[in-house]
1. Let me have the 222 nm mean residue ellipticity of the chain computed from DSSP H runs of 4+ only, each contributing -39500 (n - 2.57), with the sum over all residues rounded to the nearest 500.
2. At D373 and I499, where each label point lies 7 Å from the Cα along Cα→Cβ, what is the point-to-point distance in nanometres?
3. Taking 0.36 nm per residue of sequence separation and subtracting the Cα-Cα distance, how much length would be gained by fully extending the chain between H169 and V265, in nm to one decimal?
4. Tell me, E433, E232 in order of fewest to most beta-carbon neighbours within 10 Å?
5. Near K133, which aspartates and glutamates are there with a Cα under 18 Å away, not counting those fewer than 8 places off in the same chain?
6. Show me the chymotrypsin sites (Phe, Trp or Tyr not before Pro) within the stretch 345-413 that DSSP assigns to loop and that have at most 14 other Cβ atoms within 10 Å of their Cβ.
7. Above 42 angstrom, tally the Cα pairs of the chain and express them as a % of all pairs, no decimals.
8. Could you give the length gained by full extension between A47 and N300, i.e. 0.36 nm per residue of separation minus their alpha carbon distance, to one decimal place?
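Read the figures in this text as sums done on the coordinates, not as results from a lab. Keep in mind that what you see is a predicted model, and the values were worked out from it rather than measured. Don't worry about glycine lacking a Cβ; one is built from the backbone with ideal geometry, like all the others, and counts go over all protein chains shown.
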Amino acid sequence: MKKFSIILSSILVLLISFESCKKSFLAEKPYSSYTPITLTDSLGFEAELVGLYQYQTGTLTYSANQGWPSVWQVGTDVANATAQQQGIEVPYYNYSQLTNTDGAASYTWQRNYSLINNANIIIDAVEDPSTTKIGPVGKKQAEAEARFFRAYAYNNLATLYGRVPLIVHALTGPKTDFVRASLDDVNNQIISDLTYASTNLYDLNGGTVKTNVQGKPVSRANKYMAMQLLAEAYLRMGKNDLAEQQAQAVINSGKFSLVKTRYGVRASGAGDYYSDMFVYGNQRRWQGNSEAIWVLEQENPTAVVGGNVDNAQQRRVFGAAYYAIPGMLPCDSLGGRGIGRLRLSNWVLYGLYGSDDIRNSKYSIKRRYYYNDPAFPALLGKPVPFTGADTLFRICPSTTKWGAFDPNDTFGYAMIKDFIMMRLGETYLLLAEAQFKQGKLTQAATSINALRTRAGAVQVTAAQMTMDFILDERARELIGEENRRMTLMRTGTLVDRAIRLNSNDAQHPTTGLTSKNLLLPIPLTEIQLNKDAVLEQNPGY
């Protein structure tokens, strides 16, 4: 940990009154602290809880290093960096450069621990007997929401770093003697927090519905988010029967259903029901997305002041840089202006999907481009030829999931789109994984076939159920959505799959990947600041 964390949602304004006629003017009276002094009533708790969503959104939309989204995709089995790489992602395909001073590993550590401290502030205040201006129901809701985020952050840390310091109370001063807790202790805290959250969070439509400035419902934590995260955490812990129970509870709740028909803002236009889920204006439950379990929402800041946190780079990272070809203009049908900082791997593009799979349709993976600039009449409407380096980032096939176009911002620095953090499609994949790991091969095939039926893909049998097949299916269903690096680290398959499926990229091949990279390095700065105890480094770093 740093010596202290900046808690965005609890910045205090220092009010200094000058009283020149009193000797008390010279008396020292500090007005700032590590923790806020406003958590006494429902408005204070609400502000702090909203801050958790804001903080997590800020992590996803980080733009100071524009290659941030690439960190979690390149050097795995699904993507490679291109000539448009930004820099922060380089050690994540050239693994020899992944050291204990790595910027992405340090940023990830800091953001998760800051989220934990923010959650701890709320939890401590709820449990403080002097907090009397909020009732018992409100206290349980606030604590459950904060515990969900604390568990979310600890699950990230445990997956990425293994044993980590366990902090369950807000920091009230400098601390320089952190030690790494056992993984069992960290896991038990995650289970405790998520069990509490799934018990005490509102049902999907329960409690007071929060609305935004436009009067629309806002996605807030619900019990099914906790169940889904618990299923994933149990899988990482090897508690496969418990993971199955949690995933089944989400599916059997009747609150969610796989999208199988056209809906929403593009229902009568070009597209299909699968790609409809990722259209801006279709991603939230109230907009018709019946699969949505957890959506982190963004608003266009031209319409809603403060509608976004930072400038999300997902479209620029995943979208092809077709704008750089003479005769091409950024437009809505092409998803706006991309940079092509990564390219989907040849395995994804040419070996993953069957011919009838709707997840591979032209509405989900863009493979053909046509000249669209009226200033080039001789080219207008003709196909852009696949030649040379253009196929690697300018007109490379790319997922459309992050595509969005704002006619008021054709340069498109920020991506104003919601983040679908959890949806029912992944629940079926978690269920299949849990069933497979228990030897329930027929049941696992049934769970996988729920998705393949929706996709129009060929059905599979129990004999085809392997961990590799399930991870293949995750890529088919969740390409561009899931944090692929974390999935492969959680399942211990990063080294095998990245080398076997994606080590032959012509431009930026995956090199130097070894078993030590199944964990990230503990940031050296954290070790150095921790002067009063030994914060152990992960092996090999």
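1. -11500 deg cm²/dmol
2. For D373 paired with I499, the spin-label model returns 4.5 nm.
3. Gain on extension, H169 to V265, equals 30.1 nm.
4. Sorted ascending by nearby Cβ count, the order is E232, E433.
5. Partners found: D41, E46, E48, D124, E143.
6. Qualifying residues, ordered by number: F386, F411, Y413.
7. Tail of P(r) above 42 Å: 20 percent of Cα pairs.
8. 89.0 nm
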